[in-house]
Amino acid sequence: MTMLTRRALAVAITTAAMALSASAAEPWPQRTVRLITPFAPGTVSDLATRLLAELLSHRWGQPVVVENRPGAEGIVAVSSFLAATDRHALLFSFAGPISINPLLYDKLPYDPEQDLVPIASAIDNFFAIAVAKSLGVDTLGAFIELARRQPGKFNWAATSGLPQYIFVALQKRAGLQLMEVPYKAVAPMLQDLSQGRIDVAVTTPATLLPLVESGKAQLLMVTNRERSPLAPQVPTAAEAGFPDLMFEGVVGFYGWRGMPVDLRQRIATDVNAAAADPGLAERLRAGGAVVRTGTTADFVAAIEDQRAKIRALAQPRTR
């Protein structure tokens, strides 16, 4: 290698290093941040998205706008997020696009291992198992005993995603045989539960409480590690005697493929600081969710725990 070549190489390396250093030092965000979410407007998760957007906007000194993209198990939101190329969009989502969708779909329009980079968790949603009041049972153990005595007699339904897997897990764990009734919307499922046309439903406590309060349904268990703030009298999976049925509805922030590690950490720090706001916790509990803070590693571990549990279950038909 000639002296001229060595000198040119040294200049190129120095220039590249300076460019990387300058890039790392650039402030973020420099303009409006888009917070893309699969949650429908009006849900507690949508409320969490908007409250966190406001808190983060104050910290970042830039507007943070929420874009609701519900549908297709989160795929619509993920696709919208991946279409953003200015590095000023984040995804705020449940873990399903990573933990569940690879089992539901033969082919996805994204790589769940590479395209979605977990940053930090922010909230936990709750899920509950309820039965029609007409069954005359008020504990999970009593329902299991009833269903075992009459295999194939009872049916069940669940909102899509994690709630479906929760009941699959219960059936596998307890050796039950129930028929699934598919629904495209929650309202018909609740109507049929209230009339006793379906026997079991799995969804959020907030969705089920009107039927419980009207005496048409009975909550048997929540699947989280703690009791629901909306139904503190209902036992957790562990308290009901089924600790292996603990599934948590972890929701958090995701970044793009190749996100710099230092930026990922800075956003995680800001998310934890925003989530520590006492007003946020109070409003979320009133809606049936709780704050869940932690490190990036904690969030990754929660997603992997959910994915491992789901992989161990019988898989619904791929699409």
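The values are calculated or read from the model by the stated rules, or taken from the named source; none is laboratory data. Computed from a predicted structure; not experimentally measured. Cβ sites come from the backbone with ideal geometry, for glycine too, and all protein chains shown count toward neighbours.
Kindly indicate the residue of segment 224-234 that is of a type outside the set (Gly, Ala, Ser) and out of contact with any Lys or Arg (no Cβ under 7 Å at 6 or more places or on another chain) and also farthest from Val290 (Cα to Cα) among those meeting that condition. Write out each step before concluding.
The first filter runs over segment 224-234 and keeps only residues of a type outside the set (Gly, Ala, Ser), leaving 224-227, 229-230, 232-234.
Subsequent filtering for residues that are out of contact with any Lys or Arg (no Cβ under 7 Å at 6 or more places or on another chain) retains 224-227, 230, 232-233.
On the way: Asn224: 11, Arg225: 11, Glu226: 10, Arg227: 10, Leu230: 11, Pro232: 13, Gln233: 17 Å.
Taking the candidates together, the pick is Gln233.
Among the residues making up segment 256-275, those that are farther than 10 Å from Ala120 by Cβ and either in the same structural domain as Tyr165 (by TED's automatic domain parsing) or not aliphatic (A, V, I, L, M) (or both) are Trp256, Arg257, Gly258, Pro260, Asp262, Arg266. Candidates in segment 148-177 are the residues that are among the aromatic types (Phe, Trp, Tyr) and closer than 20 Å to Met246 by Cβ; of these, the one that is surrounded by the most Cβ atoms within 10 Å (Cβ to Cβ) is Tyr165.
Identify the single condition in (1) surrounded by fewer than 20 Cβ atoms within 10 Å (Cβ to Cβ); (2) without any contact (Cβ under 8 Å) to a residue 40 or more places away in the chain; (3) charged (D, E, K, R); (4) in the same structural domain as Val300 (by TED's automatic domain parsing) that Glu145 does not satisfy, given that it satisfies every other one. Status for Glu145: all satisfied but (4).
Could you identify the single residue in Asp115, Asp106 that is at negative phi, surrounded by fewer than 22 Cβ atoms within 10 Å (Cβ to Cβ) and at pLDDT below 95? Give the steps one after another, and end with the answer.
Working: Asp115 fails: at pLDDT below 95.
Result: Asp106 is the single residue among Asp115, Asp106 that is at negative phi, surrounded by fewer than 22 Cβ atoms within 10 Å (Cβ to Cβ) and at pLDDT below 95.
Would you mind finding the one in Ser80, Ser121 that is at pLDDT 95 or above and in a strand (DSSP E or B)? Just one listed residue meets the conditions, Ser121.
The criterion of at least 1 residues that are among the β-branched types (Val, Ile, Thr) is met, among strands (runs of 3 or more DSSP E) falling completely within segment 135-225, by 200-203, 217-222. Return yes when Ala308 is surrounded by fewer than 18 Cβ atoms within 10 Å (Cβ to Cβ) and within 18 Å of Pro97 (Cβ to Cβ) and no when it is not. Criteria met by Ala308. Of the residues making up segment 124-155, those that are of a type in the set (S, T, N, Q) and more than 16 Å from Phe167 (Cα to Cα) are Asn125, Ser134, Gln150.
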